[in-house]
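Asker: Structure provided below as structure tokens; questions to follow.
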Amino acid sequence: MGEYGIGQAVPRFEDPRLIRGEGRYVGDIALPGMAVGYVLRSPHAHARIRAIDTAAAKAAPGVLVVLTGADWQASGFGDLPVPGGLSRRDGSPMYRPRYPALVKDRVRWVGDYVAFVVAETMNQAMDAAELIEVDYEPLPAVVSTADATAPGAPLVFDDCPNNICFVQQFGDKAATDAAFARAAHVVKHGLVINRVTAASMEPRGSIGVYQPYDGRYTIYTTLQRTFPFREELAKTVLRVSENKVRVIAGDIGGAFGMKTAIYNEVALVLLAAKLTGRPVKWISTRSEAFLSDGQARDNVSDAELALDKDGNFLGVRVKTLANVGAYLQVGSQSSIQNIGTLAGVYRTPALHADITAVFTNTNPVRPYRGNGRGEAAYVIERLVDLAADELGIDAAELRRRNTIPPEAMPYKTALTFTYDCGEVEKNMDMALEMADTASFEKRRAEAKKRGKLRGIGISQTIERAAAPSFEGAEIRFDRSGAATLYSGASNHGQGHETAFKQIVCDRLGLDPKEVHYVQGDTDQVFFGEGTGGSRSGTIGGSAFHMANEKIIVKAKAIAAHLLKLAADDLKFEDGLFSSPKTNQTLTMKEVAKAAAEPAKLPKGMEPGLFATAVYNVEVDNFPNGCHICELEIDPETGTIEIVRYSVVDDVGTVINPLLVYGQIIGGVAQGAGQILLEDIHFDADSGQLASGSFMDYAMPRADNFPDVHVHSNPVPTKTNPLGVKGCGEAGCVGAMPAVANAIVDALSVLGVRHIEMPATPERVWRAIRDAGANHT
């Protein structure tokens with residue numbers, strides 16, 4: 001409605017209080033009598049614990065309790081949840097190791113959990129931890145994905161042969177092999193997608209509280225999915241009914257998939273709270289985050305694309321090793337399920353993917369923005385550019401020849417997905433015009449005069465959003481006629497409050513200043529799921545849409561009673577109930593006030609105006625888009641400067657252009673950051689983390705990017721009542737291949753066909769020097 005309606009660029013309602021420092025993060029919470037916890041972590045990538053002596057630590061000043069693996073085993077708590085349901089290549093069940101909150105006999109990565117010290121202050125806890133004596137017997141370790149299954153590689157778990165956790169295959173192998181057999185051209189390349197970490201602005205943290213009088217636990221923590229978190233925590237770790245557990249998530253300063261899991265510290269602060277009778281708080285430092293956070297990506301693939309003589313795609317074949325780290329966390333296998341993105345936006349008749357998940361002596365691997373989509377998009381889009389180069393066909397033209405046309409929708413790919421709608425070629429045409437690709441060669445020539453190598457890269461990507469699941473929403477009016485919205489989704493930077501208020505205020509005619517928003521508390525929100533996989537606008541927004549309609553039905557009956565009309569004689573539009581049979585009107589706020597007075601209601605009607613709704617979606621939606629990156633490389637230093645970036649995205653109905661713009665740009669920064677800068681690196685011999693701070697792990701900064709130009713080509717989906725497609729991950733998925741393709745295009749004049757990520761100045765400089773030597 002008006003300035004706050006769907007489609008309006010409404011500034012985020014959340015921002016003023018956050019900018020003023022009025023956010024409510026876990027680190028801001030101080031409870032009466034609260035103690036502080038500290039984790040003693042393994043200094044070895046792999047070692048046997050021969051003995052551990054905590055006597056001196058327990059006697060240290062201020063120490064309340066010191067916990068070891070033996071204490072955890074005796075606590076009566078269960079281990080952390082571990083996913084299952086998959087199998088190995090021979091059909092046997094996947095390997096599912098126990099995941100204790102504290103290890104007892106063996107550590108499996110640098111940062112593994114050895115002991116937990118609780119004291120009055122953090123300094124006292126840290127001092128006491130230094131007094132713990134651990135006798136380690138170092139063991140050989142494997143940290144490389146490519147080496148994990150090599151003959152003689154150290155085993156992360158003695159009873160897990162070849163370090164293989166599970167194997168999954170997708171597509172039709174026979175049809176794909178046949179397509180390659182008849183191909184006129186086969187393009188193949190080894191593609192490594194390096195390991196990165198979320199490095200969220202707010203590190204992880206947890207506060208545990210135990211109430212002995214009713215045996216109830218409360219956890220304040222950083223998370224993304226409140227209700228599944230409670231379910232897993234109650235059932236698997238605490239072994240109590242869910243109503244004995246309250247989960248509270250306030251403001252979350254970034255998550256990107258990393259904060260979905262139940263981490264060890266959650267279990268430890270709850271156990272410590274139960275033992276000490278006091279609230280116990282743990283907050284990660286930035287250095288500790290590098291050692292303990294779930295990390296991401298880390299795939300090694302052999303990829304092939306088969307084409308006929310005219311450049312039509314016949315088949316794609318990919319074999320991948322995917323690193324899962326030292327332990328399985330819930331969700332760690334989910335990125336494999338997004339392999340469908342490998343089909344891209346192309347009419348490829350046969351595809352096959354063979355994925356082997358392997359253990360290594362490294363941090364557990366988790367979903368990360370895009371969660372498998374970015375990896376798959378990178379593989380197919382690099383293959384297309386490699387094919388264009390080998391066949392001498394313009395990269396955009398080769399894509400155009402193979403793009404799925406809109407009239408072919410819905411389109412079942414040869415892998416796993418069925419796309420419902422989209423105008424892929426139009427996305428590309430709009431992006432090509434935005435990027436002024438027609439004049440690119442002039443800009444390349446001008447850059448050459450300045451001694452720079454200029455390149456342009458394109459990617460057409462599509463991804464699954466809002467996988468089948470559900471979300472809860474509630475609208476509750478109070479006696480003053482003001483409303484409170486309760487959402488099962490959990491905002492960690494996306495702008496949920498703004499989007500959901502727009503959906504409700506637009507339909508009900510409310511002033512958003514009189515609407516309060518609540519999320520992230522299982523004692524306040526009645527039901528829900530959470531945030532991840534670009535689902536909140538689609539599923540959470542549709543839940544509020546359903547609640548709106550329920551509110552209107554009851555409000556119309558009340559308004560008809562007050563105006564002495566039949567409900568069918570009333571219309572509700574622009575926030576007003578009106579009828580040609582009377583000159584009186586009623587606002588939703590007026591009706592809500594009346595709803596609290598039984599005497600003003602129809603006989604037998606229950607007082608109050610409120611509605612709950614749970615929206616259940618049974619099919620995915622598929623946001624898609626085209627990214628074009630233009631950059632320059634200084635051949636003397638290898639430095640890359642992105643000089644132009646253009647995006648056209650189809651995210652269906654746009655609830656708020658500002659929110660979409662912010663999500664796309666944030667995603668582009670993360671995708672480009674991985675290609676240019678970010679890299680988690682473990683020393684091959686010792687297993688030590690060599691990039692354990694922002695001195696070594698290079699985060700992208702504002703000066704790494706030009707203005708990113710974003711246009712929309714909305715094709716509303718019919719898979720939900722709002723026509724919304726997800727937008728949270730689209731930027732990251734499209735950016736990875738677009739930036740990589742642009743780098744290779746700039747270097748192609750030297751004969752370079754590929755460069756590994758991250759394309760750091762040193763790596764680029766060496767590629768230029770090697771290319772020059774080979775040319776000579």
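The values are calculated or read from the model by the stated rules, or taken from the named source; none is laboratory data. Predicted model only: the values in this text are computed from it and were never measured. Virtual Cβ from ideal backbone geometry, glycine too; neighbours counted across all protein chains shown. For the accessible areas, the whole protein counts, side chains as well, though only heavy atoms, and no ligand, DNA or RNA atoms are used. Shrake-Rupley method; radii C 1.70, N 1.55, O 1.52, S 1.80 Å.
Asker: Can you compute the FRET efficiency between Arg48 and Val553 using 1/(1 + (r/R0)^6), with r the Cβ-Cβ distance and R0 = 60 Å? Round to the nearest 0.05.
Answerer: 0.35
Asker: Continuing with the same structure: Take every DSSP beta bridge whose two residues both sit in the chain, then give the antiparallel share in percent to the nearest 5.
Answerer: DSSP beta bridges in the chain are roughly 80 percent antiparallel.
Asker: With 25 Å as the limit, write out which pairs from Lys426/Lys448; Lys244/Lys513; Lys501/Lys550; Lys244/Lys281 have Cα-Cα distances beyond it, or answer none.
Answerer: Those over the limit are Lys426/Lys448; Lys244/Lys513.
Asker: Could you please report the charge total around Thr226, scoring K, R as +1 and D, E as -1 over all other residues with beta-carbon less than 12 angstrom from its beta-carbon?
Answerer: Combined, the nearby Lys, Arg, Asp and Glu give -3.
Asker: With equal scatterers on the alpha carbons only and no solvent term, can you work out the Debye log10 of I(q)/I(0) for region 178-220 at 0.31, 0.32 1/Å?
Answerer: Evaluating at q = 0.31, 0.32 Å⁻¹ gives log10 I(q)/I(0) of -1.07, -1.09.
Asker: In nanometres, what is the gap between the two model label sites at Val749 and Ala59, each 7 Å from Cα along Cα-to-Cβ?
Answerer: With each label placed 7 Å out from Cα toward Cβ, I get 7.3 nm.
Asker: Alpha carbon centre of region 556-613 versus region 697-733: separation in Å?
Answerer: Rounded to whole Å, the Cα centres lie 40 Å apart.
Asker: Label-point separation (nm) for Lys571 and Ala9, each offset 7 Å from Cα along Cα-to-Cβ?
Answerer: Label at Lys571, label at Ala9, 3.2 nm between them.
Asker: Take the Cα coordinates of region 1-100, assign each an equal point scatterer, and use the Debye formula without solvent to give log10 I(q)/I(0) at q = 0.10, 0.16, 0.18 Å⁻¹.
Answerer: -0.69, -0.99, -1.09
Asker: Using only C-alpha positions, report the orientation-averaged shadow area of the convex hull of region 266-375, nm², one decimal.
Answerer: Spelled out: convex hull of the Cα atoms, projected over all directions, averaged, 9.2 nm².
Asker: Residues with beta-carbon under 14 Å from that of Asn338, excluding Asn338: net charge, scoring Lys, Arg +1 and Asp, Glu -1?
Answerer: So the environment of Asn338 carries a net charge of +2.
Asker: I'd like the FRET efficiency for Met34 and Arg98, computed as 1/(1 + (r/R0)^6) with the beta carbon distance as r and R0 of 25 Å, rounded to 0.05.
Answerer: Once rounded, the FRET efficiency stands at 0.25.
Asker: Taking region 556-661, which trypsin sites (Lys or Arg not before Pro) meet the DSSP loop condition and have no more than 13 other C-beta atoms within 10 Å?
Answerer: The qualifying sites are Lys564, Lys581, Lys603.
Asker: Roughly speaking, what is the stretch gain from Leu658 to Thr637, that is 0.36 nm per residue apart minus the C-alpha to C-alpha distance, in nm to one decimal?
Answerer: Between Leu658 and Thr637, full extension yields 3.9 nm more.
Asker: Right, another one. Have a look at region 471-517 and give its Rg and Dmax from the Cα atoms, expressed in angstrom.
Answerer: 10.4, 32
Asker: Which semi-axis lengths, in whole Å and largest first, follow from the square roots of five times the eigenvalues of the Cα gyration tensor of region 341-419?
Answerer: In descending order, the three semi-axes are 27, 17, 11 Å.
Asker: Determine Rg/Rh for region 20-60; Rg is computed over alpha-carbon atoms and Rh is the Kirkwood hydrodynamic estimate from the same atoms.
Answerer: The Rg/Rh ratio comes out at 1.18.
Asker: A further question follows. Binning every alpha carbon pair distance of region 283-324 at 10 Å from zero, what are the percents per bin?
Answerer: Cα pair-distance distribution for region 283-324, in percent: 23, 25, 21, 16, 11, 4.
Asker: Give me the distance between the Cα centres of region 193-251 and region 498-543, rounded to whole Å.
Answerer: 21 Å
Asker: Also, I was wondering about something else. Taking only C-alpha pairs under 8 Å that are 6+ residues apart, what is the relative contact order of region 570-726 in percent?
Answerer: 23 percent
Asker: Hey, what D do you get for region 36-164 in µm²/s if you plug the Kirkwood alpha-carbon radius into Stokes-Einstein at 37 °C and 0.692 mPa s?
Answerer: It comes out at roughly 202 µm²/s.
Asker: Additional query: Tell me, how many Å apart are the Cα centres for region 396-473 and for region 337-385?
Answerer: Each part reduced to its Cα centre gives a spacing of 17 Å.
Asker: What accessible area per residue, rounded to a whole number of Å², is obtained for the chain using a probe radius of 1.4 Å?
Answerer: 38 Å²
Asker: When the chain is fully extended, how far beyond the present Cα-Cα distance does Lys244 get from Ser480, taking 0.36 nm per residue of separation?
Answerer: Value of the extension gain: 81.6 nm.
Asker: Follow-up question, since we're still on this one. Please identify the longest segment of the chain free of exposed GluC sites (Glu not before Pro), where exposed means a DSSP state other than H, G, I, E or B and no more than 16 other Cβ atoms within 10 Å.
Answerer: 121-617
Asker: Taking every pair of alpha-carbon atoms in region 434-583, give the share separated by more than 27 Å as a whole percent.
Answerer: 47 percent
Asker: With 28 Å as the limit, write out which pairs from Lys309/Lys442; Lys412/Lys718; Lys188/Lys442; Lys554/Lys581; Lys564/Lys593; Lys188/Lys259 have Cα-Cα distances beyond it, or answer none.
Answerer: Where the Cα-Cα span goes over 28 Å, the pairs concerned are Lys309/Lys442; Lys188/Lys442; Lys188/Lys259.
Asker: Within region 136-200, what whole-number % of the accessible surface is contributed by carbon and sulfur, with the 1.4 Å probe and all protein chains included in the calculation?
Answerer: Solvent-exposed carbon and sulfur of region 136-200 make up 55 percent of the total.
Asker: Right, something else. Using only alpha-carbon positions, what ratio does the radius of gyration of region 189-296 give when scaled by 2.2 N^0.38 Å?
Answerer: Ratio of Rg to 2.2 N^0.38 Å for region 189-296: 1.17.
Asker: Using 0.36 nm per residue of separation minus the Cα-Cα distance, give me the extension gain between Thr585 and Ala74 in nm, one decimal.
Answerer: 177.2 nm
Asker: A further question on this structure: Counting only Cα, what are the radius of gyration and maximum Cα-Cα distance Dmax of region 435-491, in Å?
Answerer: Calculated on Cα positions, Rg and Dmax stand at 25.8, 72 Å.
Asker: What is the spread of the Cα atoms of region 98-209 along each of their three principal axes, largest first, in whole Å?
Answerer: Over region 98-209, Cα extents along the principal axes are 71, 37, 24 Å.
Asker: For every other residue with a beta carbon closer than 9 angstrom to the beta carbon of Arg317, add +1 if it is Lys or Arg and -1 if Asp or Glu, then tell me the sum.
Answerer: That works out to -1.
Asker: Given the convex hull over the Cα atoms of the chain, what projected area results after averaging over all orientations, in nm²?
Answerer: Average projection, Cα convex hull of the chain: 37.0 nm².
Asker: For region 627-776, take N as its residue count and report Rg(C-alpha) divided by 2.2 N^0.38 Å.
Answerer: 1.22
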